[in-house]
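What follows is a single structure, written as structure tokens, with notes after it.
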2 protein chains.
Amino acid sequence: MSENGPGSAKKSTSQRRSATRAVTMADVARAAGVSTQTVSRALRDPRSVGPDTLDRIETAVRETHYVQNFAASHLASNRSMTVAAIIPTISASIFADTIQGLTDVLLPEGYQVFLGHTDYTPAREEALVRSLAGRRPDGFFIIGTRHTQEATEILKRTGMPVVESWSWTSRPVDLLVGFSNHAAIMSVVDHLVAGGYRRLTFAGMVRPGDHRAKDRLKGFIDAHARHFPGQATRVVTAASGAMEMERGVELLHRVRETHPETDAIVFASDVLAAGAVLKCGALGIRVPDDLAITGFGDYDIAAHLTPALTTVAIASRRIGMEAARLLLQRMHGQAVEAKMVDVGFELLVRGST
Amino acid sequence: MSENGPGSAKKSTSQRRSATRAVTMADVARAAGVSTQTVSRALRDPRSVGPDTLDRIETAVRETHYVQNFAASHLASNRSMTVAAIIPTISASIFADTIQGLTDVLLPEGYQVFLGHTDYTPAREEALVRSLAGRRPDGFFIIGTRHTQEATEILKRTGMPVVESWSWTSRPVDLLVGFSNHAAIMSVVDHLVAGGYRRLTFAGMVRPGDHRAKDRLKGFIDAHARHFPGQATRVVTAASGAMEMERGVELLHRVRETHPETDAIVFASDVLAAGAVLKCGALGIRVPDDLAITGFGDYDIAAHLTPALTTVAIASRRIGMEAARLLLQRMHGQAVEAKMVDVGFELLVRGST
DNA sequence: CTGTTAGCGCCTTCAC
DNA sequence: GTGAAGGCGCTAACAG
């Protein structure tokens, strides 16, 4: 963006334009001896122009090193060929798989992805939605189904397809690809109770803006109340800090201090559970004999621990792919197969219970 | 501007425009009783207009639910306020931290990030570069320093700031934030040799397009040759498959079959090393007595294994943040502090060696 | 199959 | 501090 002109720096038409004025479609058209319209057509659909014309245009593009300006294209056609994606966090997160799935499907179709993260902060999510809406994406992908009123308002008003995900609700903004975190944890509790465990404790990170975590906690509380009516619920949570194995170790210690009678810990994430299982190994606590442990997410590590971790598998990558498919259908003006897709979950019973 | 009445259902000028014609700056200007110019100024720098004017404009923005169109802004100003980021893969990768660092710095500055992944395929990288260049980002971030000639050509020609990363080279396209993978592995080998290990084997995934992995392998070979001149180098690699712990388990088995005399395995990634350490635990192989193991990356799990994993820590997140800072300096027209930033690495000696 | 015309919504320049 | 004019690069409509 340097304002000094490398080379001779033409004064150009009138506007500031940076140093070496960029090659435009008009340059290509001139070089090929056709109109810009024909170049435009050739670029979007090569078969829509004559073979020899196409040939001259392709040569001209190569010689001029022309790179199409999508901003102008966007403005003129009212289609940006972009999708905005908003996730809580990128680092070491299972959402990375979802984004991978999303881009795996969208990039080959010519769409590009704007990515932003909220750090589980509703205000930041709203700011992101507002900001990304200014890019006029053709579609919106977002983790979660709870947003600020203003964010929801913006999402609805734009009229573009919106996919919410990783949760379940009967009233999505538009489209939904998710599953019930509540039901998933209930299935874990059912499994533990069926296995003879009676003194269960929930342990997890429950950040204020993380409604998935809240749903899991609520799933535990509800299942516990059903199996052990009247009995107090054991819950240990952390509200801050990074989602790391160290948190799992800390939670393990807190459970053993606060609820020493615990015979099974239901962790809200495999990361935490893995930290706990590894720590148990180091401390000589026998899993599952002394203490059963369950996780959530079926991360890579779950199957490799000793004992292997009982957990709930979520089709993280598939969520992204399904979301992309729904968006594509809408963006192509087709009717969507279903407005709501439940990818479900799968309880994987392994050695830790 | 549009000459049609904004209130009544417009037959619109002529262009297709979707159903509910979007609110434009002209609508806001009309509502506030000022020119679009003033609205434009107020939006970019609130202090550049009178206090009462600002007030009327802000009210008008709120009432009309105006959302600025950045595509138009981009076209008129020749600044897109976007940065393009290209990484090999998003899933379960350490690059996620880098992207997090990048966006952590860029989003608050008003920049938005386009993300694409290449799956370690040069051709896909080139296609992505070409495609993203069409968005006219104000900056480019890319993992790696080796690209196809055409990709390099495009990156250079655009004239925008480009940060390459996660490797080291004396001749970057533009800017560089990285470290020497070669030197990092050499330090691992030096450490092992100093610890008395004599029969080292390298094990890793070395995909055709992954030059970081190749640098690590070369680092091993060079260090090995220095310490054990004339002696054959032991190397076991996998060229395909996902980077998962299971690969580490497989590599462990192959090392034990192919080079049973091995007393230390140098893994190219903590993911692989973790799989191997966990498997050793299950098989009763004592680490480090029977077999020493090292990793790369200092992933969360490294410190939690038993024994804890000796590895090389890379400031993954910091790479993203430094890159963002350099890009910002360039995009703001300032001189960069340094064109090349070596974030280094740190050998973390733990129980596995 | 190809060209002409008229903007898309905003910002830069230059007046006042 | 504010406004008027014109154009950024491309594409939707319509011819022909």
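Taken together, the values in this text are just the output of simple stated rules run on the coordinates, not laboratory data. Keep in mind the model is a prediction, meaning the values are calculated, not measured. Using ideal geometry, Cβ is built from the backbone for each residue, glycine included, and neighbour counts are taken over all protein chains shown.
Odds and ends about this structure:
- Restricting region B:120-166 to chymotrypsin sites (Phe, Trp or Tyr not before Pro) in coil, as DSSP defines it, with at most 10 other Cβ within 10 Å: none
- Sequence-distant contacts, meaning Cα pairs under 8 Å at least 6 residues apart, place the relative contact order of chain A at 15 percent.
- Peptide B:105-115 is shielded by partner chain Cβ atoms: per residue, an average of 4 of them sit within 10 Å of its Cβ.
- Per-residue shielding of B:92-100, expressed as the average number of other chain Cβ atoms within 10 Å of the residue Cβ, stands at 5.
- Computed on region A:79-132, with alpha-carbon pairs under 8 angstrom and 6+ residues apart, the relative contact order is 47 percent.
- Multiplying the residue separation of B:Asp55 and B:Thr36 by 0.36 nm and subtracting their alpha-carbon distance yields 5.3 nm.
- Distance between modelled label sites at B:Asp119 and A:Thr64, nm, 7 Å Cα→Cβ extension: 3.4 nm
- Per-residue shielding of B:79-91, expressed as the average number of other chain Cβ atoms within 10 Å of the residue Cβ, stands at 3.
- When A:Asp55 is represented by a point 7 angstrom out along its Cα-to-C-beta vector, the spacings to that point in the other copies are 7.0 nm, nearest first.
- Once the Cβ-Cβ distance of A:Glu261 and B:Arg286 is raised to the sixth power relative to R0 = 30 Å, the FRET efficiency obtained is 0.25.
- Helix axis angle, A:316-331 relative to chain A longest principal axis, alpha carbon, degrees: 40 degrees
- Peptide ranges B:81-93, B:283-295 listed from the most packed, as the mean C-beta count within 10 angstrom indicates: B:81-93, B:283-295
- Region B:35-120: GluC sites (Glu not before Pro) in DSSP coil with no more than 13 other Cβ atoms inside 10 Å: none
- Efficiency of FRET between B:Glu150 and B:Lys218 - r from beta-carbon atoms, R0 25 angstrom, step 0.05: 0.45
- Net +/- balance of residues flanking B:Asp174 in space, Cβ distance below 10 Å, scoring K and R +1, D and E -1: +2
- Compared with the dominant Cα axis of chain B, that is its longest principal axis, helix B:181-194 is turned about 30°.
- In plain terms, the chain from A:Arg157 to A:Arg254 could stretch by 30.3 nm, reckoned as 0.36 nm per residue minus the Cα-Cα distance.
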